[in-house]
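Chemist: Before I ask anything, here is the structure I am working with.
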Amino acid sequence: MKDWYKEAVVYQIYPKSFCDSNGDGIGDIPGIISKLDYLKELGINTVWLSPCYVSPGDDKGYDIADYRMIDPVYGTMDDFKYMLDEMHKRDIRLLMDLVVNHTSDEHEWFVESKKGKDNPYRDYYIWKDPVDGHEPNGWKSNFGGSAWEYDEASGQYYLHLYSKKQPDLNWENEKVRREIVDMINYWLDMGVDGFRCDVINSISKDFTQEIPGDGPRLHEYINLLNRECFEPHNAMTVGEVWGLTPEQSLMLTDPKRNELSIAFQFDHMSVGRNGGRFYLCDFEPEKFMEHLFNWQYGLMDKGWNAICIENHDQPRALNRYADFENYRYEAATMLGTIELCLQGTPFIYQGQEIGLVNPTFNSLSECRDIEAINAYPELIEKFSEEKVMELFSKDSRDCGRAPIPWNSGKNGGFTDAEPWLKLHDRYESINVEEDLNSERSVFNYYKKLIDLHINNKTILYGQFHQEYNKGPVSVFSRYDDNDTILVICNFSDKEQEFKFGYRELIMSNYGDIKFNNTLPPYAALIVR
Ligand code: TEU
Ligand code: CA
């Protein structure tokens, strides 16, 4: 099928934290293989695997030192091929992470590039002379500090929009583009089904801008990848791009433009933050839904949404948006209902399907993420140690990266050894095994939702309409010539009075009860 991405239900695996098979405290490929039946049971049909290539791990694999090799910590190339086979046997497709804005500084291209101005690899990266003895411009790294690192030996600076161990590739150089095209085709020829494209809008730079933004050759570059890699392999691609409007997203994903299949929307993920990570404010469900609805209308009939409520860069949705102490099951299933009933391809992040929550970090020594570690000195000038740890427990990327607890045993059955990052505090009661055996299983609810999403044509392809969105109550419909389905949600821990009627209850997170114009806390109903 040409547009198979529209019928994909994607499950994101963060390999370091999924399942450890060999007792070194780090998740790995054999661990993933051992859980494929679990994923099949859930009903997903596509996996997005975060980077598992050779990497020194400065940004946990998003700093790649060899694009064509599996990092030994995750397994061998044979393990990888076996995993791919086992996925395909189960009709599960695999999306790899494509991180081509930057490499690791330990990649051989950069090792060469750094050797001097006349090295053949010099132009693989972005080197610039100082301006008045300073950085070439005022661009900041996403992980704090300047985006320029000075190299004593050559007297030049290199650009790194992320950590200084992640130098940006120079896409203006045709040789770089050829290398990337060949590398992508290497994976596609092996049988990989597509890619999630990391910060893909940053690959072309515009040095006339005060802050890094989309460069003038962005669409030309992506079009090249489409023509030479994606299209000939019928690959699915999802762009990771922050700060887009739906109109801008269409510039990357309108099928007529031959660039990417879809691009994530993130507007709703910024609700509850005021100006950036670690700067938190009250969460407003109405705004959250407003953003999602805006994208539904923005792409309708023109493009296709890519929807997630969690990923490896975000804390757990339950901690961010809900009273999970009292209503973990209800809130988890309500969020799932929204995600799987809107029009678009859903991306479910590992652990989301059992309603996983954040760990608590008590000291910096428990944190692993470069973003949090780099932010610490600035935060500690403004807040107490206790407050900073509270912020890290609420909003650091480590929150979502905590290992998966598979059962109530030692380290939640994730590993026999010391896990690379701590698990959440209550893994003895909140874990996969417990959820599967529970009468109120989040997994079983997701399983039903996924089945509905894939098999109900109205929910898969129908039109979208916003019926109501005020305070915590929101209602939307999905309709086509044959059916009209309403989704009604109470995004709060208080019962809400709301007048509504329906002919038939398709499913709800309160079971088969009669709703009489009141919505219990975090109620989600799918009705006809
Ligand atoms: O993320 C890009 C990105 O925009 C986020 O890292 C964001 O800057 C950060 O979370 C701000 O709070 C992608 C990957 O998802 C992320 O894990 C990588 O660290 C980053 O690219 C660099 O490759
Ligand atoms: Ca391991």
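The values are calculated or read from the model by the stated rules, or taken from the named source; none is laboratory data. No experiment lies behind these values; they were computed from the predicted model shown. Virtual Cβ from ideal backbone geometry, glycine too; neighbours counted across all protein chains shown. Note: accessible area is taken over every heavy atom of the protein model, side chains too, but ligands, DNA and RNA are not part of it. Shrake-Rupley method; radii C 1.70, N 1.55, O 1.52, S 1.80 Å.
Chemist: If you go through the stretch 27-36, how many residues are open to solvent by 30 Å² or more (accessible area, probe 1.4 Å) and within 11 Å of ligand 2 (Cβ to nearest atom)?
Modeler: Let us first name the residues in the stretch 27-36 that are open to solvent by 30 Å² or more (accessible area, probe 1.4 Å), namely 30, 33-35.
From what's left, within 11 Å of ligand 2 (Cβ to nearest atom): 30.
The number of residues fulfilling the criteria is 1.
Chemist: Within the stretch 406-422, track down each residue that is open to solvent by less than 10 Å² (accessible area, probe 1.4 Å) and more than 16 Å from Asn22 (Cα to Cα).
Modeler: Leu421, the sole residue that qualifies.
Chemist: Could you look through the stretch 104-143, keep only residues that are among the polar types (S, T, N, Q) and within 16 Å of ligand 1 (Cβ to nearest atom), and pick out the one that is surrounded by the fewest Cβ atoms within 10 Å (Cβ to Cβ)?
Modeler: Of everything passing the filter in the stretch 104-143, Asn142 is surrounded by the fewest Cβ atoms within 10 Å (Cβ to Cβ).
Chemist: With the condition kept exactly as written, say whether any residue in the stretch 15-24 is within 14 Å of ligand 1 (Cβ to nearest atom), under 18 Å from the mean Cα position of the chain (by Cα), of a type in the set (Gly, Ala, Ser) and more than 19 Å from Asn407 (Cβ to Cβ).
Modeler: Checked the stretch 15-24: no residue is within 14 Å of ligand 1 (Cβ to nearest atom), under 18 Å from the mean Cα position of the chain (by Cα), of a type in the set (Gly, Ala, Ser) and more than 19 Å from Asn407 (Cβ to Cβ).
Chemist: Among (1) within 30 Å of Lys164 (Cα to Cα); (2) away from ligand 1 (no atom under 16 Å from the Cβ); (3) open to solvent by less than 10 Å² (accessible area, probe 1.4 Å); (4) not acidic (Asp, Glu), which single condition is Asn101 missing?
Modeler: So the condition that Asn101 fails would be (2).
Chemist: Now for a different question. Kindly evaluate Thr237 against the criterion of being of a type in the set (Ser, Thr, Tyr) and over 29 Å from Gln466 (Cα atoms).
Modeler: No.
Chemist: Of everything in the stretch 60-77, what is out of contact with any strand residue (DSSP E or B) (no Cβ under 9 Å at 6 or more places or on another chain) and either without any contact (Cβ under 8 Å) to a residue 40 or more places away in the chain or within 14 Å of ligand 1 (Cβ to nearest atom) (or both)? Give them in sequence order.
Modeler: Answer for the stretch 60-77, where residues must be out of contact with any strand residue (DSSP E or B) (no Cβ under 9 Å at 6 or more places or on another chain) and either without any contact (Cβ under 8 Å) to a residue 40 or more places away in the chain or within 14 Å of ligand 1 (Cβ to nearest atom) (or both): just Lys60.
Chemist: In the stretch 221-261, how many residues are within 16 Å of ligand 1 (Cβ to nearest atom) and touching a strand residue (DSSP E or B) at 6+ places or on another chain (Cβ under 8 Å)?
Modeler: Adding up the residues that qualify gives 9.
Chemist: If you take the residues of the stretch 16-26 that are of a type outside the set (S, T, N, Q) and more than 6 Å from ligand 2 (Cβ to nearest atom), which of them is surrounded by the most Cβ atoms within 10 Å (Cβ to Cβ)?
Modeler: Lys16
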